[in-house]
Amino acid sequence: LNPPGFPNISRFFSETFRFFWLTMEKYNGNYKLVCADNKAEMLTAWYGGMSGKDLEAALSPDNVLTTSVFCTSNGVKASFENSKVTSMNNTFEHVFGEEKAYGAPFNCKTVITKCGDNCMKEVATYGDGAVYTFTTTFSTQGYTVKTTGANGYIGTAYFERCDPCLAGFYVMESHENLDKMIMEDAGVSASVAAELLSHVAIRITENNGNWTMTDYMADVAPRTINFRLGEESEYEDEVFKMKGTQLVCKTGPATYSNIYKDAKTGKSSVWEATLTDDLMVFKCTKPLNTQSGTVTYRRLADIFGTWKVVANANIEGHMKAMGLPDSMITTVVNERPVSTTEYL
């Protein structure tokens, strides 16, 4: 029931949770512990009294602690993996605001709440009565975990993001059935589809949450779309005769989905992208019609843009070896030219 004066309170809370999820969604990913102060005390608090050989192995410089974090609309899923202490590895799922009991390796009862657009707080109570608070704060580069106990501050751990970045330049390495999919969806001949796929590349950039993807296919003029993660936007592609809306979301560590809905037919398609350091596999999991396809892109250096020389050193000898006169060498050394690199 809604209190007087608040006819849409249920919608308010729904939108509040949705806003938090969309805000936190950009922090979903894989992370690695890079450093921590009072590491032994922190690990003892995290794992409810880790000691002996387990603690010694966890503190070893050869032990790599990695985590996976995925925020949902009402909670969080996470996993912890120690390369040298596998008995401490764990995967869990927690609903915000609810108390939940965990067995080994944590052996505690805990409550996790959100405390900001980029922050979560966990209060854990262990069997011996010890109570610890873990405050996790995210940034675009990683996250920190601040640990406090009954006697105050214990330490802070620093995790860095180790997911492949979506932004970059990619060239198609191979495809499966994409030609037949294009023939059906765009209504073109086999020869036209083959020509379009003779060379395919994409460039993805990001600026303050605004993403831009430029698509290059054969001799067709580059096509550019703009989007924000988790927000529906207009989509139009004259080559494939598509006009409607798209919704791009980050669905997990190094994975994304793109849902397209056609404005005229009401049909929809779903594409899923999976990233590694070198590749991006783009797979149609729900076709617009009957044909699906998969594209494998290889990541290459993104050298495109405008560049300005800001400094040079020891270029006089090179120019003299080229036979340039001293007057020209002086001019070149003092110049700061600007050049532009484009993809053709």
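Could you tell me how many of the residues in the range 306-344 are within 36 Å of the chain's Cα centre (by Cα) and of a type in the set (D, E, K, R)?
Residues that pass the stated criteria total 2.
Would you confirm whether or not the range 251-271 contains a residue that is on the phi > 0 side of the Ramachandran plot, at pLDDT below 90 and among the hydrophobic types (A, V, I, L, M, F, W, C)?
yes
Taking the condition under 19 Å from D163 (Cβ atoms), at pLDDT 90 or above and either open to solvent by 20 Å² or more (accessible area, probe 1.4 Å) or polar (S, T, N, Q) (or both), does T66 pass?
For T66, the condition - under 19 Å from D163 (Cβ atoms), at pLDDT 90 or above and either open to solvent by 20 Å² or more (accessible area, probe 1.4 Å) or polar (S, T, N, Q) (or both) - is met.
Kindly indicate which of P253, P287 is touching a Gly at 6+ places or on another chain (Cβ under 7 Å), in contact (Cβ under 8 Å) with a residue 24 or more places away in the chain and under 30 Å from K77 (Cα atoms).
P253
For the range 139-158, which residues satisfy the criterion of being out of contact with any Cys (no Cβ under 6 Å at 6 or more places or on another chain), open to solvent by 10 Å² or more (accessible area, probe 1.4 Å) and touching a residue at least 12 places away in the same chain (Cβ under 8 Å)?
S139, T140, Q141, Y143, T144, V145, K146, T148, G149, A150, I154, T156
Which residue pairs have Cβ atoms under 8 Å apart, sit 6 or more places apart or on different chains, and have a first residue in the range 54-75 that is without any contact (Cβ under 8 Å) to a residue 40 or more places away in the chain and a second that is among the β-branched types (V, I, T)?
D54/V85; L55/T44; A57/V85; A58/V85; N63/V85; G75/V95; G75/I112
Are there any pairs, at least 6 apart or on different chains, whose C-beta atoms fall under 7 Å, with the first in the range 106-122 and touching a residue at least 12 places away in the same chain (Cβ under 8 Å) and the second surrounded by 16 or more Cβ atoms within 10 Å (Cβ to Cβ) and assigned to a loop (DSSP other than H, G, I, E, B), and if so, which?
As it stands, the answer is F106/Y47; F106/G48; N107/G48; C108/G48; I112/F96; T113/F96; K114/F96; N118/Y27, since those pairs meet every condition given.
So which of K77, K84, K53, K26 is open to solvent by 70 Å² or more (accessible area, probe 1.4 Å), at pLDDT 85 or above, closer than 30 Å to N208 by Cβ and charged (D, E, K, R)?
It is K77.
Per-residue answers, yes or no, for (1) within 30 Å of S257 (Cβ to Cβ); (2) surrounded by 10 or more Cβ atoms within 10 Å (Cβ to Cβ); (3) among the small types (G, A, S):
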position: K286; (1), (2), (3): yes, yes, no
position: T290; (1), (2), (3): yes, no, no
position: F304; (1), (2), (3): yes, yes, no
position: N312; (1), (2), (3): no, yes, no
position: H318; (1), (2), (3): no, yes, no
position: S327; (1), (2), (3): no, no, yes
position: V333; (1), (2), (3): no, yes, no
position: S339; (1), (2), (3): no, no, yes
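Need a quick list: strands (runs of 3 or more DSSP E) entirely within the range 205-250 having at least 2 residues that are at pLDDT below 90, more than 14 Å from A167 (Cβ to Cβ) and of a type in the set (A, V, I, L, M, F, W, C).
220-227
Write out, first by first residue and then by second, each pair whose Cβ atoms fall under 7 Å of each other, whose residues are 6+ apart or on separate chains, and whose first residue, in the range 264-278, is in contact (Cβ under 8 Å) with a residue 60 or more places away in the chain while the second is open to solvent by less than 40 Å² (accessible area, probe 1.4 Å) and assigned to a loop (DSSP other than H, G, I, E, B).
L275/P164; L275/L166; L275/A254; T276/P164; D277/P164
The values are calculated or read from the model by the stated rules, or taken from the named source; none is laboratory data. A quick note: this is a predicted structure, and the numbers were derived from the prediction, not measured. Here the Cβ is made from the backbone with ideal geometry for all residues, glycine too, and neighbour counts use every protein chain on show. Remember, those area values only see protein heavy atoms, side chains included, never the ligands or the DNA or RNA. Shrake-Rupley method; radii C 1.70, N 1.55, O 1.52, S 1.80 Å.
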